[in-house]
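Taking it in order: structure first as structure tokens, then the write-up.
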Amino acid sequence: RDITVGFNPDWLWFKNRDNTYNHVYYDSVRGPQTRFEPSQDVTEATVSTAVTDFTPSGVQGFSIGGNDGATNQSGYSIVAWCWKLGGEPTADNSAGVGATPTSGSVKIDGSNKSDALAGSIAATRLSANTQSGVSIVTYTGNGSDGATIAHGLSTAPETVIVFGRDIANTTVLGTTGQITGFTHYISYAKNLSYFVDDDTIWNDTAPTSTVFSVGTAANVNTNTKKYMAICMHHVDGFSRVGEISYAGNGSSTAGTFVHCGFKPAFVMVKRADSSSGWQVYDHLRTSSNSASDNAHQFNPRDERLALNTYDGIATSSTQAMDFTSSGFALRSDNTDQNGGSVPYYFMAFAQNQPFKYSNAE
């Protein structure tokens, strides 16, 4: 079955809205049929009945097959968030550190990289969109403190997320945001953790314009183990991914407004200083307000999908937010989104990136 989205995405994020399946990631870097469940302490898995093709012939979209519960369960509603990166790699990089990567292994804005790749660990595969500020890179750990890996972007990432591919460990996220910087990490795991100070994750080193750093923690750099990293920096008019955070005001009537500089299509929020869930909202799922509100630039969302649970749709006016023409506004005093003087990490994307090359939806 072909799914048309208007472009060929390289990163797919699925959630079954009606059933108790986890959120799942697929990407063209690791290849079709390779699944990862970001909130679980698991390794990646091969699922032959799910995503089968990132570049189906004659289709601006992707292909799925079978009756896979997370991506194509018969009669169930599925949401898929899609990002276009640099294109699908066709080979593993067998070149050494500091060498020009194997042809087809590193895709930057649709083209093969033709000069040396940075980093003390050579990327195995990489796909980067420098205009939308998003890349995915796979690498094999070497266990050395202060190791560096190329991210393929033209600007230093402000958020980096690392997953263990063949080692079951907690997915970790680092950000340059006002909350912590890359001295801390936060987990996607079901234990609903908050930002923790740990120099073995990012080596207390912020990314540069060419590489990100890792320490010796099993989450990011066990010798001979395989990892995947998603790297992002903000793009004006398209994304806010970690260089800023916001503080809740605890109001149930006039919650904090978060300025993004665009009307969001996707927002994910996480309380940064205590246990709480990751809450995901988007511009297409159920609205609680009338059409007349939308005429005034508001796009209210009360359907959220928690990243940390098996649950399907959770609809609640006490955890809703308004999507406006320039950001989002919290509509309650719920501590998952708007506790008084509480810091929050958030990630927001517009529907379309304001350049010719790429889109996200």
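The values are calculated or read from the model by the stated rules, or taken from the named source; none is laboratory data. Computed from a prediction, not measured in an experiment: that's the story for all the values here. With ideal geometry, Cβ positions are generated from the backbone for all residues, glycine too; neighbour counts draw on all protein chains shown. For accessibility, only protein heavy atoms count, side chains too; no ligands or nucleic acids. Shrake-Rupley method; radii C 1.70, N 1.55, O 1.52, S 1.80 Å.
Considering each residue of the range 233-276, count those that are in a loop (DSSP other than H, G, I, E, B) and either open to solvent by less than 10 Å² (accessible area, probe 1.4 Å) or not small (Gly, Ala, Ser) (or both), and give that number.
Kept after step one, since they are in a loop (DSSP other than H, G, I, E, B), are these residues of the range 233-276: 233-234, 236-238, 241-245, 248-256, 260-263, 272-276.
In the following step, the residues that additionally are either open to solvent by less than 10 Å² (accessible area, probe 1.4 Å) or not small (Gly, Ala, Ser) (or both) were identified as 233-234, 236, 238, 241-244, 248-249, 253, 256, 260, 262-263, 272-273, 276.
Residues meeting the conditions: 18.
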Residue within the range 126-138 that is open to solvent by 30 Å² or more (accessible area, probe 1.4 Å) and closer than 23 Å to Val220 by Cβ present: no
Of all residues making up the range 139-176, the number that are among the small types (Gly, Ala, Ser) and open to solvent by 10 Å² or more (accessible area, probe 1.4 Å): 7
Residue within the range 196-214 that is open to solvent by 10 Å² or more (accessible area, probe 1.4 Å), without any contact (Cβ under 8 Å) to a residue 24 or more places away in the chain, part of a strand (DSSP E or B) and over 17 Å from Gln337 (Cα atoms) present: yes
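To keep it simple, each residue is scored yes or no on (1) more than 18 Å from Met228 (Cβ to Cβ); (2) modelled with pLDDT of 90 or more.
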position	(1), (2)
Arg17	yes, no
Asp27	no, yes
Thr52	yes, yes
Gly61	yes, yes
Ile64	yes, yes
Cys82	no, yes
Gly98	yes, yes
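Residue by residue through the range 338-361, note down the ones that are open to solvent by less than 30 Å² (accessible area, probe 1.4 Å), farther than 14 Å from Ala254 by Cβ and either in contact with a helix residue (DSSP H, G or I) (Cβ under 7 Å, 6 or more places away or on another chain) or modelled with pLDDT of 65 or more (or both). Please lay out each step first, then the result.
Of the range 338-361, the ones open to solvent by less than 30 Å² (accessible area, probe 1.4 Å) are 338-339, 342, 344-350, 353, 358, 360.
Still in the list and also farther than 14 Å from Ala254 by Cβ: 339, 342, 344-350, 353, 358, 360.
Gly339, Val342, Tyr344, Tyr345, Phe346, Met347, Ala348, Phe349, Ala350, Gln353, listed by residue number.
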Tally, over the range 46-65, of residues that are outside any loop (DSSP other than H, G, I, E, B), under 13 Å from Gln33 (Cα atoms) and either in contact (Cβ under 8 Å) with a residue 40 or more places away in the chain or open to solvent by 20 Å² or more (accessible area, probe 1.4 Å) (or both): 6
Qualifying residue in the range 208-230 (condition: under 15 Å from Val137 (Cα atoms), in contact with a strand residue (DSSP E or B) (Cβ under 9 Å, 6 or more places away or on another chain) and among the small types (Gly, Ala, Ser)): yes
